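A quick write-up on the structure given underneath.
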Amino acid sequence: MVSTMLKPVWKVNATIMGSARPSRPRSGWSCSVTKWDDRVVRCSMISQGASFNTTFKSLIGLRAMRTGHFTRNILKGNDGITSMEDAPRLCPFCADRLGIADYREGRCEICNDTCMDTSLADTIDPTFEYHTFNVGVVLPKDVVERDEAFVREHELAHAHGIKTALNRALRSRLSERLNAQADTEDPDVIFEIDHIKGRVFYRIKSLALCGRYRKEVRTIPQTRWWCTKCRGRGCEHCGHTGKMYPTSVEEIVSAPIMRVASGRKTKFHGAGREDIDVRMLGEGRPFVLEIINPKVRTLDLEALQDEINKDERVHVYDLRPCEKARIEKLKNTKYRKTYRAHIDKKLSNNEIELIEKKLETEIRQRTPIRVSHRRSDKIRKRKVYKVRGNNNKTTVLEIYCDGGLYIKELISGDEGRTNPSVSSILGTHVRCTALDVLEVHCDL
């Protein structure tokens, strides 16, 4: 019999979870629990119009529910009775995310009050341009492990994990303070709050620009070509420049953009590449310029394109922003190409007709000798779809074929490594004296 002189400590309405035995009430019964002191609890249960009272220690395995979240297991002691001394010591943040109504104050046994410490987050004050952000929290391993163990022990299946809840709370706090929009999918910057190292890292999203370029000269590579001797450090072989060539398409295109965007470095991605002594003509080759850690994201691209095109060696067209995912598509897609090859002999009309007939087929090409030191030695199968020849001072062949076919070796035969070739068809050695890419056939 519970004394009516005792003062209630707390009261909670709950749904009983358990078996059909009286000591483990049937799932779905309505239960009202009132705790009077540290030893006695009155529990009224109602099912199908019947009701009865019992002491708390007869309800082995009772779990209370508050606002839709499981709280801690109420029964802990050998006699089935839990006192307030058994309540967990939590910070308000952990108690709220776990749905714990009754907890003791003091240093949180899960996070050591890390969740209540906003000193690192308060230092976030970016000096670069961004429009959207996200937050990532790095916590000590033991904090995460204690949180997971607490959730398992108390069967808090619907509780939010400590990192998820903390990230969400910090996003809300920073969005208001920085007057910026939170974006969990593709933010301009991620603020990584590292509670292990005690500092904040800014993970800035790269800025990607795409377009097409024409290379009008036969003296520059597509990208920086670091010195093969010193690997960029500078030596006598490279004139202490660290590079094999003074400049490149990448450097000519990126220099004006970097001056405005103030990035750390650039990466140049092209839809294939041409040799140094090959011109890229026609509508140009598609490319993506990736700017790493830009401080400025809003650029006047029309003005920058005009600045780039002042250099007569390279011309850029249709410069515009793009998504970084475009890089993967650009690199992994095979494009057909049209070439113009000048050969060192003037052929007869009959010889040109023979080449047009015999060369439009599948080509088996072993890795050319000139690139075998940096390419895997294998046989590639590519197709030539169309060949047209005409005579001027020498013969010029226009070849429409699969990407990845080495055209110089298609002409010379490369000591029999490419078959068929112009040389094998004519039965005499010929070589390519000049080569131009007329078109890269793609819809990017």
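Once the principal axes of the Cα atoms of the stretch 114-203 are found, what is the range along each, listed largest first in whole angstroms?
Answer, in whole Å and largest first: 45, 26, 20 Å.
At a Cα cut-off below 18 Å, give the lysines reachable from residue 265, other chains included and same-chain residues fewer than 8 away excluded.
205, 243, 295, 324
Taking amide H positions as placed 1.01 Å from N in the peptide plane, with prolines and chain starts having none, which residues 5 or more places from residue 137, or on another chain, fall under 5 Å of its amide H?
193
Given Cα pairs under 8 Å that are at least 6 residues apart, what percent is the relative contact order of the stretch 114-203?
47 percent
Just the number, please: Stokes-Einstein D of the stretch 207-332 in µm²/s, Kirkwood Rh from C-alpha pairs, 4 °C, 1.567 mPa s.
86 µm²/s
Nearest-5 percent of antiparallel DSSP beta bridges in the stretch 114-203?
40 percent
As an exercise, identify the trypsin sites (Lys or Arg not before Pro) in the stretch 372-444 lying in DSSP coil whose Cβ has no more than 12 other Cβ atoms within 10 Å.
Answer in residue order: 374, 375, 378, 393.
How do 153, 274 rank when sorted from fewest to most other Cβ atoms within 10 Å of their own Cβ?
153, 274
Kirkwood hydrodynamic radius of the stretch 353-425 from all distinct Cα pairs, in Å?
12.6 Å
Place the peptides 193-206, 227-240 in order of packing, highest mean first, counting for every residue the other Cβ atoms within 10 Å and averaging per peptide.
193-206, 227-240
Using square roots of five times the C-alpha gyration tensor eigenvalues, list the equivalent-ellipsoid semi-axes of the stretch 305-444 in whole Å, biggest first.
Working through the eigenvalues yields semi-axes of 30, 20, 14 Å.
By a straight-distance test (C-alpha under 23 Å), which lysines pair with residue 357 as possible cross-link partners, with residues fewer than eight away in the same chain excluded?
By straight Cα distance, residue 357 reaches 337, 345, 346, 381, 383, 386, 393, 408.
How high is the FRET efficiency between residue 390 and residue 202 when r is their beta carbon distance and R₀ equals 51 Å, given to the nearest 0.05?
0.30
Rank by packing, highest mean first: peptides 176-184, 260-268, with packing defined as the count of other Cβ atoms within 10 Å averaged across residues.
Final packing ranking: 260-268, 176-184.
Using the alpha-carbon centroid of each, what span in Å lies between the stretch 311-350 and the stretch 140-187?
Comparing the Cα centres of the stretch 311-350 and the stretch 140-187, I get a distance of 48 Å.
Report the rotationally averaged projected area of the stretch 197-266 based on its alpha-carbon convex hull, in square nanometres.
7.4 nm²
For the stretch 387-444, how big is Rg over Rh, using alpha carbon atoms and the Kirkwood form of Rh?
0.99
Each reported figure results from applying straightforward, stated rules to the coordinates on display, with no laboratory input. None of the values given here were measured: they were computed from a predicted structure. Ideal geometry is used to build each Cβ from the backbone, glycine not excepted, and the neighbour counts take in all protein chains shown.
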